[in-house]
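Here's the structure, in structure tokens; my notes come after.
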Amino acid sequence: MSAAFSSASSSASSASDAAAQRRQASAFAPASVGNIGVGFDLLGHSIEGPRDVATVRRIEAPEVRIRAIRGDVPGADSLPLEAARNTAGQALIALREKLGLGHGFELELDKGIPLGSGLGGSAASCVAALVAANAVLAQPLSRDALYEFALDGESVSSGSRHGDNVAPMLLGGVVMATSTRMIPLSVPDWLYAVVVHPDQVLETRRARAVLADPYALALVVKQSAHLALFLTGLQRGDAGLLREGLVDLLVEPRRAPLIPGFAAVKAAALDHGALGASISGAGPSCFAWFASRAEAAAAAPAMQQAFADAGFDSRAYVTPVAGPRAEVIG
């Protein structure tokens, strides 16, 4: 076994004896904003608001079973109970196989994040399941060690291994996610977001399909400049740099036509002082960043009204950009 898996956090190590006796745990994973506009498949942040909950039991049979999936959110009743076809189930299969576990897991999911919402619903299921399963291991793993299994699970839904949703769920706040690493980034405490989820569904695979055509090199260079400004703005806590950097020239123009009302929602956010606004993940949810909670709270109704004018009800979440991470809750 590699050093990454043999070394858990000091707190996890001190609790290993108790964990060895534990046979069941529940954990939640928060929703997230993937991409953050300028960081396609690279950046994401967690939010306060909707969440998924997973309950995992250790079983003697060397397999992963999904016992039940509940939730009154759109898409919950369509999720497969076959573990290998489910993001949470596949994540636990990968965990078992990598660690060579002699026991298996039985899983129940309570969905609070709609599928096809752009809020990381598929990612939240696998992260919640992994955090719960980790709590019943005799030697719990670090969050970094859980990352590759979260990528395995996420790939079932999206068709690719990208960590812009699972990484911020595992660590909280804003995270840079590569194919092998999660890197938490500095977030000023005055930074708030509004995330608006309309009553629309946009499947991730459809949203990715519109990105297939190549981009001009000059456009990629401009986007790279925006990303650099954005990351520097985070590190320095500089609202001006964030405003200049939070402009997506690559993904947003191609996906915006898939989201009725998006242009008006973005305009409403900018009219209310947003540092920037774009599409959350694959959409149709939209997000905007603000320099204070008061500004964010004032903008949320106008963003919702823009969706209403387009014929869609919506829910708005006002949240610190430094959102929560997945945690064991029982």
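FYI, it's all coordinate maths here, none of it is from the lab. Only a predicted model underlies this, so the values are computations on that prediction, with no experimental measurement involved. For neighbour counting, all protein chains shown are included, and Cβ atoms are generated from backbone atoms with ideal geometry for every residue, glycine included.
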Determine, for each peptide in 300-308, 199-207, 85-93, the mean count of other beta carbons within 10 angstrom over its residues, then list the peptides with the highest first.
85-93, 300-308, 199-207
Near the amide H of Ala138, under 5 Å away, which other amide H atoms are found, from residues 5 or more places off or on another chain, if H is placed in the peptide plane?
none
Per-residue HN-Hα couplings for region 258-271, Karplus 6.51 cos²θ - 1.76 cosθ + 1.60 at θ = phi - 60°, whole Hz, x for Gly and Pro?
7, 10, x, x, 4, 4, 6, 5, 4, 4, 5, 5, 5, 5
Sequence ranges 237-248, 286-297, ranked by mean other-Cβ count within 10 angstrom, highest first:
286-297, 237-248
What's the magnitude of the charge dipole for the chain around its Cα centre, counting Lys and Arg as +1 and Asp and Glu as -1 at the beta-carbon? Answer in Debye, nearest 20.
380
Under the rule of -39500 (n - 2.57) per DSSP H run of 4 or more residues, summed and divided by the residues of the chain, what mean residue ellipticity at 222 nm is obtained, to the nearest 500 deg cm²/dmol?
-11500 deg cm²/dmol
Given charges at beta-carbon only (K, R positive; D, E negative), |dipole| of region 187-320 in Debye
300
Taking 22 Å as R0, compute the FRET efficiency from the Cβ-Cβ separation of Val328 and Glu60 and round it to 0.05.
0.45
Total charge dipole magnitude, region 37-86, about the Cα centre, Cβ charges on Lys, Arg, Asp, Glu only, Debye to nearest 20:
220
Which residues in region 202-235 have a backbone N closer than 11 Å to a point placed 7 Å from the Cα of Arg254 along the Cα-to-Cβ line?
207-216
List the residues whose amide H sits under 5 Å from the amide H of Ser280, counting only those 5 or more places along or on another chain, with H placed 1.01 Å from N in the peptide plane.
Ser285, Cys286, Phe287
Skipping prolines and chain starts, which residues have an amide H placed within reach, meaning under 5 Å, of the one on Ile59, given they are 5 or more residues away or on another chain?
Gly104, Phe105, Glu106
In terms of the charge dipole of the chain, which places +1 on Lys and Arg and -1 on Asp and Glu at the beta carbon, the residue among Leu170, Val127, Thr180 farthest towards the positive end is Thr180
Between region 252-271 and region 39-71, what is the C-alpha centre distance in whole Å?
30
Quick one: among Ala61, Ala29, Ala83, which has the greatest mean-square fluctuation in a GNM of the chain with alpha-carbon springs under 10 angstrom?
Ala61
Name the residue farthest towards the positive end of the dipole of the chain from the options Phe28, Ser292, Gln90, assuming +1 on Cβ of Lys and Arg, -1 on Cβ of Asp and Glu, about the Cα centre.
Gln90
